[in-house]
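Everything on this sheet refers to the single structure shown next.
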Amino acid sequence: MKIVIITGSHRKVSQSAKVANWFKERLQIFGHQTWTLDLGNHKLPVWDDSFWDGGEDWDKIWKPIEAELKSADALIFVTPEYSGMASPGLKNFILYCSSPLVGHKPVLLAAVSASRGGSYPIAELRMSSYKNTKLCYLPEHIIVRDAEKMLNGPESAGADDSYLRDRIDFALKILVSYGEALKPIRESGITVKKEFSNGM
């Protein structure tokens with residue numbers, strides 16, 4: 001199975017990237033293929049409606065990413081919490097996505113907080129970002145609190161870190177199962193009807 005991981009931090013070096021890399025390594029240990037887009041190191045232009053017209057400039061920016069998303073069975077979004085919000089970079093990325101590309105693919109949400117936050121980005125993404133993309137957010141999600149202290153090496157730093165590692169493995173196994181279950185639904189064609197390409 002192929003899982004695409006999107007890292008939403010705007011920083012070149014970030015705790016979100018560290019968390020995304022942990023997901024990647026665990027998935028590879030479980031025998032899955034991964035591809036990661038780090039938006040701190042691969043910044044997308046702010047989306048505007050000229051994207052719909054296409055053209056060489058947009059193709060250069062988006063086509064390589066589109067090919068990876070098209071071949072994905074499932075996705076993971078990792079977002080830092082910026083002032084109680086999901087990162088603008090991740091929300092900008094979602095604007096590029098369309099239902100034919102990512103619709104009815106399962107997504108594991110993960111939020112990263114330097115302190116004890118992290119719940120607001122999860123709530124925000126669940127509320128607003130699936131309407132036209134038709135992304136399927138899992139009921140399970142991950143919040144990495146006190147991020148600098150977590151996931152820093154092969155041995156856990158304590159009870160909280162150990163719990164988080166186990167919770168991540170639990171969530172990843174659910175994501176893979178959803179990926180397997182939703183693939184035949186997409187392939188059946190039942191999810192595609194031109195008149196209903198956008199959500200209500």
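The values are calculated or read from the model by the stated rules, or taken from the named source; none is laboratory data. Being a predicted model, the structure only gives us computed values, none of them experimental. Positions of Cβ are generated from backbone atoms using ideal geometry, with glycine treated the same way; all protein chains shown enter the neighbour counts.
Is it fair to say TYR137 is part of a loop (DSSP other than H, G, I, E, B), touching a strand residue (DSSP E or B) at 6+ places or on another chain (Cβ under 9 Å) and within 30 Å of LYS70 (Cα to Cα)?
no
Right, ALA72: among the small types (Gly, Ala, Ser), crowded, with 16+ Cβ neighbours inside 10 Å and farther than 21 Å from ALA181 by Cβ or not?
No: the conditions fail for ALA72.
For segment 1-53, enumerate the residues that are in contact with a strand residue (DSSP E or B) (Cβ under 7 Å, 6 or more places away or on another chain), surrounded by fewer than 18 Cβ atoms within 10 Å (Cβ to Cβ) and among the aromatic types (Phe, Trp, Tyr).
Result: TRP35, single match.
Would you confirm whether any residue within segment 147-165 is in a helix (DSSP H, G or I), within 16 Å of ILE3 (Cα to Cα) and of a type outside the set (Ser, Thr, Tyr)?
No, every residue in segment 147-165 fails to be in a helix (DSSP H, G or I), within 16 Å of ILE3 (Cα to Cα) and of a type outside the set (Ser, Thr, Tyr).
Could you grab me the full set of residues in segment 182-200 that are part of a helix (DSSP H, G or I) and either in contact with a Pro (Cβ under 8 Å, 6 or more places away or on another chain) or modelled with pLDDT under 95 (or both)?
LEU182, LYS194, GLU195, PHE196, listed by residue number.
Quick one: which of ILE168, ILE122, ILE143 is outside any helix (DSSP H, G or I), surrounded by 15 or more Cβ atoms within 10 Å (Cβ to Cβ) and among the β-branched types (Val, Ile, Thr)? If you could, list the steps in order and put the result at the bottom.
Details: ILE168 fails: outside any helix (DSSP H, G or I); ILE122 fails: outside any helix (DSSP H, G or I).
Result of the check over ILE168, ILE122, ILE143: ILE143.
Is it true that LEU101 is under 21 Å from ALA67 (Cα atoms), at pLDDT 95 or above, in contact with an Asp or Glu (Cβ under 7 Å, 6 or more places away or on another chain) and not β-branched (Val, Ile, Thr)?
In short, yes.
What's the total number of residues in segment 99-146 that are small (Gly, Ala, Ser), within 23 Å of LYS2 (Cα to Cα) and in contact with a helix residue (DSSP H, G or I) (Cβ under 8 Å, 6 or more places away or on another chain)?
4
Could you grab the pairs with beta carbons closer than 8 Å, sequence gap of 6+ or different chains, first residue in segment 91-116 and closer than 11 Å to CYS136 by Cβ, second one charged (D, E, K, R) and part of a strand (DSSP E or B)?
LEU108/GLU140
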